[in-house]
Amino acid sequence: MSEYTHIFKGTAFTSKSATDVHILKDYLFFINAEGMIVKTVAPEQADYQQLLITYQDQNNFHALAEGQYFLPGFVDLHVHAPQWAQSGTALDIPLYDWLNTYTFPIESKFSDLAFAQEVYEDLVSTLLANGTTTSLYFATVHKDASVLLAKICAEKGQRGLVGKVVMDDPEQNPDFYRDENTKTALEDTEEFILAVKDLAKTTKQGVYPVVTPRFIPSCTDGALKGLGELAAKYDTHIQSHCSESDWEHGYVKERFNKNDAVALHDFGLLGDKSVMAHCNFLSDEDARLFAETGTAIGHCPISNAYFANSVIPIARFHAMGVDIGLGSDVSGGFSPSLFDNARQTVMSSRMLEDGVDTTISAEKRGVPNSRITINEAFYLATAGGGESLSLPIGRLQENYTWDVQIIDTKIPTARLPIFDPNEDLHDIFQKIMYLVRPENIREVWVQGNKVHTRG
């Protein structure tokens, strides 16, 4: 019996740093029973040939075919799970109207567990098929439906970090969709945390409860304070929205006479396991607070184009030492694919650097040094997401999880334009990042288990 549960052979792409991609050509990857990468061996290493001879005829040996490559599984730092039911609709109206006219009514339907099950099963399957192996989810105010989402992640093999949303302020939330009061919001959150921690004991890839004030406008001071205390008591992850739009950023300044970041910090909601979505209006002082506390930004480039009234200066915040990963923000972002969001990250950054108003002279039009390369966008979707969550995910190296997508560049219906058999692997990587569609994602593995196969 082998000491390894799986051995894989193939060429992989993984982040060496925020700007450099490491190409692991024809490597061997050895995976243990816990789904961790315990050994990687390059062809030039002395024991490579002997290991190949020893394992290549065993049932647990997997060699990639020509034109296939490994990528780390993607880490999506911001998904509104119930909003999958409205994806692709109503993206042309202001955020406040969008929430109250479309989003809150659909989220209120998740008191019906049969409806919740149908939507959540489809969403988790869809995200896995798009190469997303870890998702940070906002669920709804409903405790039971939120626990159900964690169970579906556990069953389908996705690493799910799930939050029961808190919205307890009767002045800011509709009567048909909110927590009954502050007391029940905190009690339900604590019961939810305990239920998910119990579920996690039997889940190989991990499911995690997340303390989730929707955003400051939805919550009373009592709820925000109580949620900070619960996060500390149970050492949970924390998520919310922070300084997303003119409206939200302005509301918090008016209520507290301080920025979102400072207010959240004062309630105990910033820290090493905190991820704040959007953050477009962070000041440099706010960003320094994020860097000091270990708080991460969930960058949602497609959604920001619709609702954030701005382009976030990702390059500047990254240079200040802030952890940053990528989020789809389903359904403020229409696409469940982090490939699409990585592409938009690059495009938005170029527009920020070059500017968009041609009536202003070129040298004054944009924000210098704002551009993000596709290498950096890949880092945000993988290693950056892992660092944001303080989990050993997002890289293909020893002591990280075997979370991978197997990309096939030769699918007849979605063939990538690679015509030279000796094409430079850096160029192939870029073609993968810009051109892959779900059809190209042949298999997805999480924690050493195959969770998705495309026939």
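The values are calculated or read from the model by the stated rules, or taken from the named source; none is laboratory data. Just so it is clear, the structure is predicted and the values come from calculations on it, not from any experiment. For neighbour counting, all protein chains shown are included, and Cβ atoms are generated from backbone atoms with ideal geometry for every residue, glycine included. Heavy atoms of the whole protein, side chains included, go into the accessibility calculation; ligands, DNA and RNA do not. Shrake-Rupley method; radii C 1.70, N 1.55, O 1.52, S 1.80 Å.
Of all the criteria given as (1) under 26 Å from L99 (Cα atoms); (2) open to solvent by 10 Å² or more (accessible area, probe 1.4 Å); (3) in a helix (DSSP H, G or I); (4) not polar (S, T, N, Q), the one not satisfied by A342 is (2). Annotation for segment 132-144: no member residue is under 30 Å from T401 (Cα atoms) and without any contact (Cβ under 8 Å) to a residue 24 or more places away in the chain.
Take the conditions (1) aromatic (F, W, Y); (2) under 25 Å from P368 (Cβ atoms); (3) surrounded by fewer than 21 Cβ atoms within 10 Å (Cβ to Cβ); Y251 misses just one of them, which is (2).
Q239 meets each of the listed conditions (1) out of contact with any helix residue (DSSP H, G or I) (no Cβ under 9 Å at 6 or more places or on another chain); (2) open to solvent by 40 Å² or more (accessible area, probe 1.4 Å); (3) under 27 Å from I152 (Cα atoms) apart from (2). In segment 77-109, the qualifying residues are those that are acidic (D, E) and at pLDDT below 95, and the one that is surrounded by the fewest Cβ atoms within 10 Å (Cβ to Cβ) is D92.
The residue that is nearest to I53 (Cα to Cα), among those in segment 1-40 that are without any contact (Cβ under 8 Å) to a residue 40 or more places away in the chain and open to solvent by less than 40 Å² (accessible area, probe 1.4 Å), is L28.
Of all residues in segment 324-336, those satisfying the criterion of being closer than 20 Å to W84 by Cα and touching a helix residue (DSSP H, G or I) at 6+ places or on another chain (Cβ under 7 Å) are L326, S328, D329, V330, S331, G332, G333, F334, S335, P336.
Considering segment 361-437, the qualifying helices (runs of 4 or more DSSP H), each wholly inside and each with 2 or more residues that are open to solvent by less than 40 Å² (accessible area, probe 1.4 Å) and either at pLDDT 95 or above or closer than 28 Å to R316 by Cα (or both), run over 374-381, 383-389, 425-435.
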